[in-house]
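Reviewing the structure listed below.
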């Protein structure tokens, strides 16, 4: 969903013009960002908590070249969803599991009860589900 779609939905629900609704939505986003910059934390009840945290410097590896690279410390925004959001997302998971069970598939789209790993070696061959391999 885009900001434009959010504006249209809110505008339709409360009867304000899209222009006025867009201004309100943008001011809300601006206030969240400004609060994060100034106070490093904003808690929105029944929604969640945004927080600015410092990520420590670290050594990493360029996946393309394999070269070691130094990643300096930086500030990142984290989000911890509130209880209501968590519950509603969990409900999505339950519904998906129910639909999968009804269609005879697991949540990964595989026939229920079957191993979802690709088989690259015949069963019983060395390395496949064998200890130490």
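The values are calculated or read from the model by the stated rules, or taken from the named source; none is laboratory data. Fair warning: this is a prediction, and the values are worked out from it, not measured in the lab. FYI the Cβ positions are ideal-geometry reconstructions off the backbone, even for glycines, and counts take in every protein chain you see.
Filtering segment 47-62 down to residues that are surrounded by 10 or more Cβ atoms within 10 Å (Cβ to Cβ) and without any contact (Cβ under 8 Å) to a residue 12 or more places away in the chain, which residue is farthest from residue 76 (Cα to Cα)? Step through it out loud before you land on a result.
Residues of segment 47-62 surrounded by 10 or more Cβ atoms within 10 Å (Cβ to Cβ): 47-55, 57-58, 60-61.
If we keep only those that are without any contact (Cβ under 8 Å) to a residue 12 or more places away in the chain too, we end up with 60-61.
Numbers: 60: 17, 61: 20 Å.
Filtering first and then ranking leaves 61.
At pLDDT 95 or above and touching a helix residue (DSSP H, G or I) at 6+ places or on another chain (Cβ under 6 Å), is that true of residue 10? Steps first, please.
Numbers: at pLDDT 95 or above: yes; touching a helix residue (DSSP H, G or I) at 6+ places or on another chain (Cβ under 6 Å): yes.
The answer is yes for residue 10.
Residue-wise test of (1) over 30 Å from residue 39 (Cα atoms); (2) surrounded by 10 or more Cβ atoms within 10 Å (Cβ to Cβ); (3) at pLDDT below 85; (4) in contact with a strand residue (DSSP E or B) (Cβ under 9 Å, 6 or more places away or on another chain).
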residue: 81; (1), (2), (3), (4): no, yes, no, yes
residue: 100; (1), (2), (3), (4): yes, yes, no, no
residue: 103; (1), (2), (3), (4): yes, yes, no, no
residue: 108; (1), (2), (3), (4): yes, no, yes, no
residue: 111; (1), (2), (3), (4): yes, yes, yes, yes
residue: 123; (1), (2), (3), (4): yes, no, yes, no
residue: 128; (1), (2), (3), (4): yes, yes, yes, no
